[in-house]
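The values are calculated or read from the model by the stated rules, or taken from the named source; none is laboratory data. In this text the structure is predicted, and so the values were computed from the model without any measurement. Cβ: placed from backbone, ideal geometry, glycine included. Neighbour counts: every protein chain shown.
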Amino acid sequence: MRSFKNIINEEVFNPYLESKIKEISPLFESGILDSNSFFDSLAENSGSIIKMPYFADLYGSDEVITPNKPLAPVKMPTANQDVAVLLSRGKAWSQNDLMADLASADPVKAIGNTAAKFWAEKLQRTFQSMLKGIFAVSSMSTKTLDITGQLDEKAKFSCESFIDAMEKMGDAKDNITAVVMHSAVEAALQKNKLITTVPENGKIKKFFMGKYVITDDKCPISAEKFTTYLLGKGAFAYGNAAVPHQCETVRDSLSGNDILINRKNYLMHPRGIKWTGSASAISPSNTDLEMSKNWEKAYDDKAIRIVKFVHKI
């Protein structure tokens, strides 16, 4: 049996793993997560609480240019300062967990692919926890459309009701580029021939009314009421931080088993809803992220590229 220690090189494995996560995660492919070197540097150099830059329209009015009178720079109001929290997570696998990958022709690539699938799925779970938490904030009710109290067809997801949901963005509704929905909702739209499929690079991309579709059964459902999220490009910021011993191999001599440890520090933040709370540990858990007391709306509605849509099918 091959040993993790003999095949895993951190300098090669870590960049491959992060690249693969972004390749397979629909959150990146759809553009919902905005990933760049600036956010990487914020995640790495700002501590556990991160002050986020404003990313929407600039504040202040234009000024009449007057001789001998300088223009006055306008600073963003302090009340509108967006704040994120650094997430620290980790996972350990034994050689038994990855036995098939170790036996493959290219074990490093195989292990990287398996780990990437794990982290992509965990990112999506954390993403859903954040959505649950921020929409539990009372002031986010203005970003929510619930039509389940209407009668019959008017309570159901349709092209018309979807347009009504987009209207929660006002004249900024063209910023909505993706929609995250339960598989039952997607199936209903498929039956009505409202989903468009586009093959690309061996994948099948799905679109509804020109919006990239992400199917996720972690979208809330209760008493036949489904929650669908409409999101714009860059609705969430993402930054990856270098971690000491991000990928570490150890030997459990007593059990005769190799262990691969993978650590991840990252910034994933809904732009315009600031983190105000505390965590049950050094880093917040998904349970912490789901608590409304830990969030506060900082931006105006049009600058928050997220809408919650509650409906039937």
Inset, instruction - Only one of these is surrounded by 17 or more Cβ atoms within 10 Å (Cβ to Cβ), farther than 26 Å from Q246 by Cβ and at pLDDT below 90: Y59, Y54. Name it. - result: Y54
Inset, instruction - Please find, within the range 208-263, the residue that is nearest to the chain's Cα centre (by Cα) out of those that are β-branched (V, I, T) and modelled with pLDDT of 95 or more. - result: I214
Inset, instruction - Specify the residue that is farthest from the chain's Cα centre (by Cα); the eligible residues are those in the range 22-49 that are surrounded by 15 or more Cβ atoms within 10 Å (Cβ to Cβ) and of a type in the set (A, V, I, L, M). - result: L42
Inset, instruction - Hey, can you tell me all the residues within the range 174-194 that are at pLDDT 95 or above and in a helix (DSSP H, G or I)? - result: S183, A184, V185, E186, A187, A188, L189, Q190, K191
Inset, instruction - Being buried (at least 17 other Cβ atoms within 10 Å of the Cβ) and either free of Cβ contacts under 8 Å to residues at least 60 places away in the same chain or of a type in the set (A, V, I, L, M, F, W, C) (or both) is the filter here, so list the residues in the range 8-21 that pass it. - result: I8, F13, L17, I21
Inset, instruction - Out of the residues in the range 161-173 that are at pLDDT 95 or above and among the acidic types (D, E), state the one that is nearest to Q150 (Cα to Cα). - result: D164
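Do we have any residue at all in the range 158-171 that's part of a loop (DSSP other than H, G, I, E, B) and among the small types (G, A, S)?
Initially, the range 158-171 is screened for residues part of a loop (DSSP other than H, G, I, E, B), giving 158.
Narrowing the set further to residues that are among the small types (G, A, S) leaves 158.
Taking every residue of the range 158-171 in turn, at least one turns out to be part of a loop (DSSP other than H, G, I, E, B) and among the small types (G, A, S).
For E296, are the conditions met, namely being assigned to a strand (DSSP E or B), in contact (Cβ under 8 Å) with a residue 12 or more places away in the chain and over 19 Å from the mean Cα position of the chain (by Cα)? Explain how you work it out, then say what you get.
Values: assigned to a strand (DSSP E or B): yes; in contact (Cβ under 8 Å) with a residue 12 or more places away in the chain: yes; over 19 Å from the mean Cα position of the chain (by Cα): no.
Taking the combined requirement at face value, the residue does not satisfy it.
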Inset, instruction - Of all residues in the range 149-170, count the ones that are surrounded by 15 or more Cβ atoms within 10 Å (Cβ to Cβ) and over 13 Å from I306 (Cα atoms). - result: 6
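Select, from M209, M166, the only residue that is on the phi > 0 side of the Ramachandran plot and of a type in the set (A, V, I, L, M). Walk me through how you get there before you give the answer.
On the way: M166 fails: on the phi > 0 side of the Ramachandran plot.
Criteria check complete, one pass: M209.
Can you pull out every residue in the range 226-265 that is of a type in the set (S, T, Y) and buried (at least 21 other Cβ atoms within 10 Å of the Cβ)?
Keep residues of the range 226-265 that are of a type in the set (S, T, Y), which gives 227-229, 238, 249, 253, 255.
T227, T228, Y229, Y238, listed by residue number.
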Legend entry - Number of positions in the range 81-98 that are within 13 Å of L289 (Cβ to Cβ) and loosely packed, with under 14 Cβ neighbours inside 10 Å: 0
Inset, instruction - Return yes when K191 is within 23 Å of the chain's Cα centre (by Cα), farther than 17 Å from R305 by Cβ and surrounded by fewer than 16 Cβ atoms within 10 Å (Cβ to Cβ) and no when it is not. - result: no
Legend entry - Pick from the range 203-225, criterion in a strand (DSSP E or B), among the aliphatic types (A, V, I, L, M) and in contact (Cβ under 8 Å) with a residue 12 or more places away in the chain, ranking: surrounded by the fewest Cβ atoms within 10 Å (Cβ to Cβ): I221
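Taking the residues in the range 99-119 that are more than 24 Å from P26 (Cβ to Cβ) and of a type in the set (A, V, I, L, M, F, W, C) as candidates, determine which candidate is surrounded by the fewest Cβ atoms within 10 Å (Cβ to Cβ).
The selected residue is A105.
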